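Colleague: Before I ask anything, here is the structure I am working with.
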Amino acid sequence: NYGEFEASDRVTSEVRRRYVVERYIDLGTDGVPGNAIAPGADGVVGTEDDPIKASYHPAMKPPFPYLWRIVSVEDMHQ
């Protein structure tokens with residue numbers, strides 16, 4: 001069974017890896033952190049009918065829209 005160690009299983013090798021993981025803020029549909037509050041009548045952000053407000057891109061508050069990506073993987077040979 002995958003993921004379960006059974007009495008008849010044998011370990012034939014091991015691999016140790018080092019990952020560099022990057023946390024970054026997802027840029028919303030308009031390319032700026034924190035999407036526009038309300039797009040215009042066409043429902044598409046960044047077009048001419050969008051309302052212009054002083055708080056067009058409000059200050060971000062937790063939970064932040066973080067994404068994660070693996071930057072590099074290195075096999076650690078023993």
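The values are calculated or read from the model by the stated rules, or taken from the named source; none is laboratory data. What you are looking at is a predicted structure, and each value in this text was computed from that prediction instead of being measured. Surface areas here come from the heavy atoms of the whole protein model, side chains and all, with no ligands, DNA or RNA. Shrake-Rupley method; radii C 1.70, N 1.55, O 1.52, S 1.80 Å.
Colleague: In what sequence, largest accessible area first, do Glu6, Glu14 appear using a 1.4 Å probe?
Modeller: Glu14, Glu6
Colleague: Going from most exposed to least, what order do Ile25, Ile70 have by accessible area with a 1.4 Å probe?
Modeller: Ile70, Ile25
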